[in-house]
Amino acid sequence: MLNRKSKYLQIAFNRSLDEVREMITALPVSEKIIIEAGTPLVKNYGKKSIAALKNWWSEKIQKPGYIVADLKCMDRGLREVEAIAEAGASAATCLGLAPIETINEFIKECEKAGIDSIVDMMNIEFPFEILQKLKKLPTIVVLHRGVDENKRNRGKQIPYDQIHRIKGTYNNVLISVAGGETGRDVVRTFFNDSDIAVIWRSFYPTFNTCLFSWLI
């Protein structure tokens with residue numbers, strides 16, 4: 001499980017399994033790196049992708065690695081949670097846009113399966129209002145500016161202001177921020193007291209080592 005006193009860099013992988021294996025091999029050894037099986041990867045390869053990432057990363061760091069399965073669950077997450085937990089996932093995601101009943105069920109099933117629950121607040125203007133309605137809090141809340149939003153509306157800001165509001169009320173919840181891609185974005189994410197910074201495209205072309213400076 002994650003250490004609440006640490007900062008983590010989460011890397012989302014969405015390419016072919018062969019490419020992903022090469023990228024994982026090139027990563028520095030660090031328990032502060034979270035490996036994500038992105039939604040396209042899970043859709044293309046299913047449970048196989050999660051099991052592969054778990055094996056490769058655990059072998060790299062010589063202990064069980066933390067693997068997020070980005071399911072983006074919207075309904076009936078029970079079977080999905082069971083399947084990815086069996087494959088070795090450490091955590092799974094549900095969208096904050098899902099019905100409250102679905103989110104509650106998702107969190108309950110994650111707890112039953114022994115994995116962390118993540119609620120992704122992409123396209124949610126006021127994440128706090130969703131959290132207030134839940135029977136039990138998720139392990140992680142994601143404040144998320146989507147990929148397509150970045151293309152359409154580059155001026156849209158990641159809601160950093162929500163971090164302190166959520167943490168001030170729910171001090172057991174970890175906050176993850178997704179949507180920034182540069183080293184500067186990662187620094188800003190941690191400066192605003194996020195626990196996890198999620199990156200995707202910026203890591204791929206050059207294996208940008210400056211993004212790992214916070215892990216040392």
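For every residue, the table says whether it meets (1) surrounded by 22 or more Cβ atoms within 10 Å (Cβ to Cβ); (2) of a type in the set (V, I, T).
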residue	(1), (2)
Y66	yes, no
D70	yes, no
A85	no, no
E101	no, no
E111	no, no
G114	no, no
V119	yes, yes
N123	no, no
F126	no, no
Matching residues in the range 28-51 - criterion: being buried (at least 20 other Cβ atoms within 10 Å of the Cβ) and either assigned to a helix (DSSP H, G or I) or free of Cβ contacts under 8 Å to residues at least 40 places away in the same chain (or both):
I35, L41, V42, S49, I50
Within the range 15-27, track down each residue that is surrounded by 13 or more Cβ atoms within 10 Å (Cβ to Cβ) and in contact with a Lys or Arg (Cβ under 9 Å, 6 or more places away or on another chain).
L17, M23, I24, L27
Can you run down the residue pairs with Cβ atoms below 7 Å, 6 or more apart or on separate chains, where the first is in the range 72-98 and in a helix (DSSP H, G or I) and the partner is at pLDDT 90 or above and small (G, A, S)?
V81/A92; V81/A113; E82/A113; I84/A69; I84/A92; A85/A113; A85/G114; A87/A51
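The values are calculated or read from the model by the stated rules, or taken from the named source; none is laboratory data. Everything quoted here is computed from the prediction, not taken from an experiment. Cβ atoms come from the backbone with ideal geometry, glycine included; neighbour counts cover every protein chain shown.
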